[in-house]
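Enquirer: Can you keep this structure in mind? I'll have questions shortly.
The values are calculated or read from the model by the stated rules, or taken from the named source; none is laboratory data. Remember, predicted model here, so these are calculated numbers, not experimental data. Cβ sites come from the backbone with ideal geometry, for glycine too, and all protein chains shown count toward neighbours.
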Amino acid sequence: MSSERIHSGLVSPEGRWWTDVPKQEKFWITLSFIWCLILFAMMPLWHIRGGQNVSGIRHKVDPTDYVNRVERFIQEYGTGEKQGGPWNIPVVAPPPGAHVYLLGRMWQWYPVLRLKKNTEYILHLSSADLNHGFSLYPLNINFQVIPGYDYALKVTPNQAGDFRIICNEFCGIGHHMMVGKIEVVE
């Protein structure tokens, strides 16, 4: 074996193996750090002034209690059924100003909502089983729906038409079939 010293990651090599940071690199590191601080400071400002985050009411709820609420909502305001994949889904037409309940569960959005244009509702979203993504197509509305939490928000549909609810959070083998519907009528 030779008398040469073996170096590892724990023993630093002898001599000066580093170099001073060039002036130009120091400038760009400093500029990047300052830009990060500016963006960090803008996050709460954008939340308050930018109107990007929908303000809603969140509270804990037992998933079975929420499912029971949805069933009572369907019994009270149900108007019929639609074919939705391998099962029939109830259609619900609540009166103006009503609390509207929508349930995400494997692998459907339940029920189909029929809302009136330019009428305010309070929309409640929750899940019975897994995390689901609520994405309203073709609008840019996106929420994460979590079991055990009721997320309520005031909505006023301002255009008539059929809107699809797409789950954008992978929820299992039937995820690709999880499409719901909101109908907005004049």
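Every residue, every condition in (1) in a helix (DSSP H, G or I); (2) at pLDDT 85 or above; (3) under 44 Å from the mean Cα position of the chain (by Cα); (4) not assigned by TED's automatic domain parsing to the domain that holds Ala152, yes or no:
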{"position": "Ser8", "(1), (2), (3), (4)": "no, no, no, yes"}
{"position": "Gln24", "(1), (2), (3), (4)": "yes, yes, yes, yes"}
{"position": "Trp28", "(1), (2), (3), (4)": "yes, yes, yes, yes"}
{"position": "Ser32", "(1), (2), (3), (4)": "yes, yes, yes, yes"}
{"position": "His47", "(1), (2), (3), (4)": "yes, no, yes, yes"}
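Enquirer: Spot the failing condition for Gly133; the list is (1) touching a Cys at 6+ places or on another chain (Cβ under 7 Å); (2) in contact (Cβ under 8 Å) with a residue 40 or more places away in the chain, and only one is missed.
Expert: That leaves (2) as the condition not met.
Enquirer: For the condition farther than 20 Å from Val184 by Cα and of a type in the set (Val, Ile, Thr), what is the one hit in Thr119, Thr64, Thr79? Can you show your working first?
Expert: Details: Thr119 fails: farther than 20 Å from Val184 by Cα; Thr79 fails: farther than 20 Å from Val184 by Cα.
Being farther than 20 Å from Val184 by Cα and of a type in the set (Val, Ile, Thr) holds for just one of Thr119, Thr64, Thr79, which is Thr64.
Enquirer: Okay, moving on. Exactly one of (1) touching a strand residue (DSSP E or B) at 6+ places or on another chain (Cβ under 7 Å); (2) surrounded by fewer than 12 Cβ atoms within 10 Å (Cβ to Cβ); (3) modelled with pLDDT of 90 or more is unmet by Val67. Its number?
Expert: Among (1) touching a strand residue (DSSP E or B) at 6+ places or on another chain (Cβ under 7 Å); (2) surrounded by fewer than 12 Cβ atoms within 10 Å (Cβ to Cβ); (3) modelled with pLDDT of 90 or more, the lone unmet condition for Val67 is (2).
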